[in-house]
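K.L.:
Sharing a structure below in structure tokens format, with a few things to ask.
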Amino acid sequence: MYIGKLNTKDSKLSGSYSYRNRGTKHPFPPNKIFSSSGADKGEINFGTGSLCSGNPVGWNWESLMDVGLDVRIDLSKECFVGAVCIELLEESAVQAVEVFSEANSGLKCIGRFDAQTGGLLEGEFTVPVSYHAQVLVVRFISNLKDIVISKLDVIGAIPDSPNLYPSPVNAKFEQDKISLHTLKTISLADDSQDAEFAAKYLQNRVSERFDYDLSISQSDSHSLSLESENGILLGIDNNIKEEGYKVSISSEGANLTASNRLSLLYAIEAFVQLCDNGKFPMCEIEDYPYKPIRGFHIGLPPREEIEFAKRLIRYVLIPMRYNILIVEFAGGMRFDRHPKISEAWVQGNQAGIEGTQPLFPHGSMVAGGELLEKDEVRDFVKYVKSFGIEVIPEVQSWGHVQYITYAYPEIAELAEEAIGDKKMDTRSADQPPSTFYHHSYCPSLDKSYEIIYDIIDEIVEVVQPEHYVHMGHDEIYQIGICPRCKDIDHSDLYAKHVTRMRDYLKDKGLRMMIWSDMLHSTERYLTYPAITKLPKDIVMLDFIWYFHFDIDMEDHILPHGFDVVMGNMYSSHYPRFESRMAKEGMIGGQVSTWCRLDEYYLAKKGKIFDLLYSAEMLWSDSYNSNAREVYTRIVQEMIPQVRDELRGISKPETYKKIAEPIALPQSATPSLPRELNAEIKDILGAGNGNANDSICSNAFDLSQAQRLTDTSIKVEVSKKYSKLVFLHATSNNAKRIAWEPLTQVGEYIVKYSDNKEVVIPVEYAGNISVWTRPFAKPMPQQFYRHQGYVATYMSDPLIQAKTEDGKDITALGYEWVNPYPDNEIVSISCSGNGLTDAEILLLGISGIR
């Protein structure tokens, strides 16, 4: 599927564009001439005219006055239009830009971008659209200023071929297809353990997704070509680029080859993704990664979430082409050489939970604040590595070592006079942890090294890392303050400690990664001169980017010869990604969680959506940040399947889902926002008055949609369901405070025939959002840098529409899994809580069997 600029010859669309007087068919050719081509009149084919040739095109203010003009763009076929990107030359401006879809019924506004009150739009800006259309009208509304357009790019996708995500390097598709059921056997092209492992993986994936069994056999010839029809050939091909794979599907069968075990699994995931209604397109696909490091950073999973963590590896990291898992240990694994650390970790976390002392830093993130045995960690690491994913342990050293200093306070870096906690402005800075726990150890004490070396040894023995150990070294808030260190230059202290850690690992045949924030010239740290004193084989994870959106911070590190990874690379906020990742020395990125590893917390913080979205950025060199709405639509369509897989309840596609509408009681207060009410009427009207319309395969009765107050309504059910889907939104937004619990705006109480009750909290930014918010639109403020997406996993955007003036309408379907599917549901009590003006707009409920 082509993703990118649509109004260009590169899209292979035979489209055209023209300039018109606003709201008419009357031509309005430009009267400010910047090119002598003379091709800016009439209907202009893509690839010709000023706009397609990179030349500006303009109109003087006398011809525009306060009216403006239309640019009509015929794409020649229906496409998904994500956004319209516009650039105006200096000294030209507009009051607003509107984007319309033109159809037989007239113009429908599908996007708009307005100047702030009393202002004008100048320079570059983007009009989000997210709509299927063939003919667009881009309307420039003037305000007695020249309009000179230097760029007008329609960004979108052409649904002319199957979608593979992340996008492959090369893909050629034919019209012909073959049926899955014609494929009988998986043959191994070689007798390697990698091919054998991949064959079983493919066998399992096809069985669980399509309820179809494939047998496995060994090829006698060890050829990478199919010997007979009706088969799938798997094999390792050393001639394929590193981490690359190839998929070839023809009338004879399928051939999946790759450079190693993990990339062979990538090929299998691409193969599975290509299957649509039991058929595969005949195709040739060649693919390989843009960057070598595509990582995910977590803390050790809690004991009760290890199986969830394994499903996350299998159903997200592998399909999304990640190759590295960075695991922070802190005190979450039992240390045999230092039982005091383990005892202190458990005691400190428990006391924090009980409220007798501050929460333990990174406590809930690592092992849920509890203690994993080495065999449990070893088993989890073995599982991850079995797929070919590299596991890199993170050993926090020097800073963030409360797990050590709480057990050994005598090595803590302490000033002679206590320094109290300082409240930071968290809109632009991270809040340091409580000084109740000593943040750093003294780097001038031999005992500090004895302890950290022991910890390294025990973790390395369990993980057996292949190439790297991550040694932390970030946010060292207490440095050079004890009597031993206070007279030593901070950069010398830093260089000495980092180099000792690097040398210790090098003796084990391992390289070191560290966070690189301490090597930037900032007001907080005096360690930045150390950058000239460190070995160049250290890999720098640069996360400080999110404190300076306006600066390419990696430019402080790259000139010194270090490889740089985009640390904490959040797709919601990372600016200028394409130009920055293309720099020499930028070797990849990693997404971080910084929360307990379970479904609820990852969903709450938008991390699963972030993982899915970021995959395109790290894998494909064709990623286009202007196509955010296109990638968002692709990811949102993937989430229902991923969600069931992560919950361990996924069913093969052959299983039919039965959805039934559950009628809401007649409402005394049905008052919905006017635009949302109009959309519901349109849906009902499209169904010829039938109130049981299907919305994304869910059946709803929308005829009694209503606003919930703090008075409960009772919905009668008297049936058994495996899931319930609540189609809802809020009337206004509620507070979303980073790192804090979500705001509860109401609850649904499910009552069973055996008198059981389950209370379902309705939480803003978790399973519900305001009806005017586009799905997965990032929270742009720097404050939300770690948690930039809201309500992107628990609920699906089942209604996505536009108001008359082109603004977004979104209603989410919150899919709740019934813990007692064999019990009859008698009723559901639904209510708001009246604590905010974000009232629940309950549009309908669907029961799933």
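The values are calculated or read from the model by the stated rules, or taken from the named source; none is laboratory data. Here the structure is a predicted model, which is why all the values come from computation and not from measurement. Cβ placement follows ideal geometry from the backbone for every residue including glycine, while neighbour counts extend to all protein chains displayed. Note: areas computed on protein heavy atoms with side chains; ligands, DNA, RNA excluded. Shrake-Rupley method; radii C 1.70, N 1.55, O 1.52, S 1.80 Å.
K.L.:
In the stretch 179-204, how many residues are over 33 Å from the mean Cα position of the chain (by Cα) and not in a helix (DSSP H, G or I)?
P.N.:
Residues in the stretch 179-204 being over 33 Å from the mean Cα position of the chain (by Cα) and not in a helix (DSSP H, G or I): 10 in total.
K.L.:
Mind listing just one residue for me: the one in the stretch 396-415 that is part of a strand (DSSP E or B) and crowded, with 23+ Cβ neighbours inside 10 Å and, of those, nearest to the chain's Cα centre (by Cα)?
P.N.:
Filtering first and then ranking leaves Gln396.
K.L.:
Out of (1) in a loop (DSSP other than H, G, I, E, B); (2) touching a residue at least 40 places away in the same chain (Cβ under 8 Å), the odd one out for Asn239 is which?
P.N.:
Failing condition for Asn239: (2).
K.L.:
Related question: Would you say Thr499 is of a type in the set (S, T, N, Q) and either within 15 Å of Ile452 (Cα to Cα) or part of a helix (DSSP H, G or I) (or both)?
P.N.:
Yes; evaluated as a whole, the condition is true for this residue.
K.L.:
Report, ordered by the first and then the second residue, all pairs with beta carbons closer than 6 Å, sequence separation of six or more or different chains, a first member in the stretch 126-152 that is without any contact (Cβ under 8 Å) to a residue 60 or more places away in the chain, and a second member that is open to solvent by less than 10 Å² (accessible area, probe 1.4 Å) and assigned to a strand (DSSP E or B).
P.N.:
If the second residue must be open to solvent by less than 10 Å² (accessible area, probe 1.4 Å) and assigned to a strand (DSSP E or B), the pairs left are Val127/Val84; Val127/Val97; Val127/Val99; Val127/Gly111; Ala133/Val81.
K.L.:
Only one of these is open to solvent by 10 Å² or more (accessible area, probe 1.4 Å), at pLDDT 95 or above and not aromatic (Phe, Trp, Tyr): Ile488, Ile514, Ile538. Name it.
P.N.:
Exactly one of Ile488, Ile514, Ile538 is open to solvent by 10 Å² or more (accessible area, probe 1.4 Å), at pLDDT 95 or above and not aromatic (Phe, Trp, Tyr), namely Ile488.
K.L.:
Turning to a different aspect of this structure: Looking for whichever is modelled with pLDDT under 95 and among the aliphatic types (A, V, I, L, M) here; the options are Ala39, Ala83. Which one fits?
P.N.:
Every option except Ala39 fails the conditions.
K.L.:
Same structure, new question: Scanning the stretch 544-561 for residues that are in contact (Cβ under 8 Å) with a residue 40 or more places away in the chain and of a type in the set (Phe, Trp, Tyr), which turns out surrounded by the most Cβ atoms within 10 Å (Cβ to Cβ)?
P.N.:
Taking the candidates together, the pick is Tyr546.
K.L.:
If I filter the stretch 129-178 down to residues being part of a strand (DSSP E or B) and aromatic (Phe, Trp, Tyr), which single residue comes out as least open to solvent (accessible area, probe 1.4 Å)?
P.N.:
In this case the residue turns out to be Phe140.
K.L.:
Can you name the residue in the stretch 710-724 that is β-branched (Val, Ile, Thr) and assigned to a strand (DSSP E or B) and is also least open to solvent (accessible area, probe 1.4 Å) among such residues?
P.N.:
By that ranking, first place goes to Val715.
K.L.:
Residues Val759, Val745, Val750: which one is open to solvent by 50 Å² or more (accessible area, probe 1.4 Å), assigned to a strand (DSSP E or B) and among the hydrophobic types (A, V, I, L, M, F, W, C)?
P.N.:
Val759
K.L.:
Applying the selection to the stretch 530-546, what residues are assigned to a loop (DSSP other than H, G, I, E, B) and either within 11 Å of Val498 (Cα to Cα) or aliphatic (A, V, I, L, M) (or both)?
P.N.:
Passing the criteria: Lys533, Leu534, Pro535, Ile538.
K.L.:
Restricting to the stretch 31-62, give me the number of residues that are surrounded by 15 or more Cβ atoms within 10 Å (Cβ to Cβ), among the polar types (S, T, N, Q) and touching a Phe, Trp or Tyr at 6+ places or on another chain (Cβ under 7 Å).
P.N.:
Residues meeting the conditions: 2.
K.L.:
Testing Arg647 on (1) under 21 Å from Pro159 (Cβ atoms); (2) open to solvent by 40 Å² or more (accessible area, probe 1.4 Å); (3) of a type outside the set (A, V, I, L, M, F, W, C); (4) touching a residue at least 12 places away in the same chain (Cβ under 8 Å), one condition comes back false. Which one is that?
P.N.:
Among (1) under 21 Å from Pro159 (Cβ atoms); (2) open to solvent by 40 Å² or more (accessible area, probe 1.4 Å); (3) of a type outside the set (A, V, I, L, M, F, W, C); (4) touching a residue at least 12 places away in the same chain (Cβ under 8 Å), Arg647 violates only (1).
K.L.:
Here's a check for you: in the stretch 517-529, which residue that is in contact with a Ser or Thr (Cβ under 9 Å, 6 or more places away or on another chain) and either open to solvent by 10 Å² or more (accessible area, probe 1.4 Å) or part of a helix (DSSP H, G or I) (or both) is farthest from Ala412 (Cα to Cα)?
P.N.:
Pro529
K.L.:
When you scan the stretch 607-616, do you find a residue that is at positive phi, out of contact with any Gly (no Cβ under 6 Å at 6 or more places or on another chain) and among the basic types (Lys, Arg), even just one?
P.N.:
Scanning the stretch 607-616, I find no residue that is at positive phi, out of contact with any Gly (no Cβ under 6 Å at 6 or more places or on another chain) and among the basic types (Lys, Arg), so the answer is no.
K.L.:
Another question about this same structure. Inside the stretch 81-107, can you point out the residues that are of a type in the set (S, T, N, Q) and open to solvent by less than 10 Å² (accessible area, probe 1.4 Å)?
P.N.:
Ser92, the sole residue that qualifies.
K.L.:
I've got another one for you. Show me the strands (runs of 3 or more DSSP E) found entirely inside the stretch 1-100 where at least 1 residues are over 30 Å from Val635 (Cα atoms) and not polar (S, T, N, Q).
P.N.:
It comes to 16-21, 57-59, 69-88.
K.L.:
So, one more: Inspect the stretch 187-200 for any residue being hydroxyl-bearing (Ser, Thr, Tyr) and under 24 Å from Asn238 (Cβ atoms) and give the result as yes or no.
P.N.:
yes
K.L.:
For the stretch 362-385, enumerate the residues that are open to solvent by less than 40 Å² (accessible area, probe 1.4 Å), under 14 Å from Ala309 (Cβ atoms) and over 25 Å from the mean Cα position of the chain (by Cα).
P.N.:
Leu372, Val377
K.L.:
Out of all the residues in the stretch 725-736, is one or more surrounded by fewer than 16 Cβ atoms within 10 Å (Cβ to Cβ), over 15 Å from Ala838 (Cβ atoms) and out of contact with any Lys or Arg (no Cβ under 7 Å at 6 or more places or on another chain)?
P.N.:
no
The rows are residues; the columns are (1) closer than 20 Å to Thr730 by Cα; (2) in a strand (DSSP E or B); (3) at pLDDT 95 or above.
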{"site": "Arg773", "(1), (2), (3)": "yes, no, yes"}
{"site": "Lys777", "(1), (2), (3)": "yes, no, yes"}
{"site": "Gly788", "(1), (2), (3)": "yes, no, no"}
{"site": "Ala791", "(1), (2), (3)": "yes, no, yes"}
{"site": "Asp805", "(1), (2), (3)": "no, no, no"}
{"site": "Leu812", "(1), (2), (3)": "yes, yes, yes"}
{"site": "Gly847", "(1), (2), (3)": "no, yes, yes"}
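K.L.:
For the stretch 426-449, how many residues meet the condition of being open to solvent by 50 Å² or more (accessible area, probe 1.4 Å) and either at pLDDT below 65 or assigned to a helix (DSSP H, G or I) (or both)?
P.N.:
Result for the stretch 426-449: 4.
K.L.:
Now for a different question. So, in the stretch 562-597, of the ones that are closer than 23 Å to Ser622 by Cα and among the charged types (D, E, K, R), which residue ends up surrounded by the most Cβ atoms within 10 Å (Cβ to Cβ)?
P.N.:
That would be Asp563.
K.L.:
Restricting attention to the stretch 831-844, which residues are open to solvent by less than 20 Å² (accessible area, probe 1.4 Å) and either assigned to a loop (DSSP other than H, G, I, E, B) or closer than 21 Å to Asp754 by Cβ (or both)?
P.N.:
Residue satisfying the conditions is Ala838 alone.
K.L.:
Still on this model: Can you pull out the residues in the stretch 108-128 that are β-branched (Val, Ile, Thr) and open to solvent by 30 Å² or more (accessible area, probe 1.4 Å)?
P.N.:
The answer is Thr117, Thr126.
K.L.:
Taking the conditions exactly as written (more than 22 Å from Val129 (Cβ to Cβ) and of a type in the set (Gly, Ala, Ser)), does Ser14 satisfy them or not?
P.N.:
No: the conditions fail for Ser14.
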